[in-house]
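Presented below is the structure to which this report refers.
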Amino acid sequence: MKLIGIILIILGVLTLVYQGIRYTTQEKLIDIGPLQVTTTEKKTIPLPPILGGVAIVAGIALIFAERRKK
C-alpha cells in the first residue's frame with residue numbers, strides 16, 4: 001500500500017508539472033518512387049490539473065492508511 005501511495009504521489013506531481021503527455025508522429029505526405037516527403041508533428045494529450053491533485057491526495061491517504069494499520 002505504501003509503495004502504491006508513493007507512486008501515486010510521484011505521478012500526481014508529474015501530471016501537475018508537465019500538464020500532458022507529449023509525443024511525436026511522422027506522416028508521409030508524398031511517396032512517389034524515390035521521392036519521399038514526410039512531416040513531423042508534435043501532439044499533446046492534455047491532462048487536467050485536477051487529475052494530478054486527486055492522485056496526490058489518494059497517495060497521501062494510502063500512506064496514512066498504512067500507518068494506521070500498524
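For the reader, a short list of remarks on this structure follows.
- Given (1) surrounded by 10 or more Cβ atoms within 10 Å (Cβ to Cβ); (2) modelled with pLDDT of 90 or more; (3) not basic (Lys, Arg), number of the condition residue 1 does not satisfy: (2)
- Selected residue (only one of 65, 58 is at pLDDT below 90 and surrounded by 10 or more Cβ atoms within 10 Å (Cβ to Cβ)): 65
- Residue match in the stretch 11-25 (condition: exposed (fewer than 10 other Cβ atoms within 10 Å of the Cβ), in contact with a strand residue (DSSP E or B) (Cβ under 9 Å, 6 or more places away or on another chain) and of a type in the set (D, E, K, R)): no
- Checking 50, 7, 45, 30 one by one, the residue that is surrounded by fewer than 13 Cβ atoms within 10 Å (Cβ to Cβ) and in a helix (DSSP H, G or I) is 50 and no other.
The values are calculated or read from the model by the stated rules, or taken from the named source; none is laboratory data. Predicted, not measured: the structure shown is a model, and the values here were computed from it. Please note: Cβ atoms are built from the backbone with ideal geometry, for glycine as well, and neighbour counts cover all protein chains shown.
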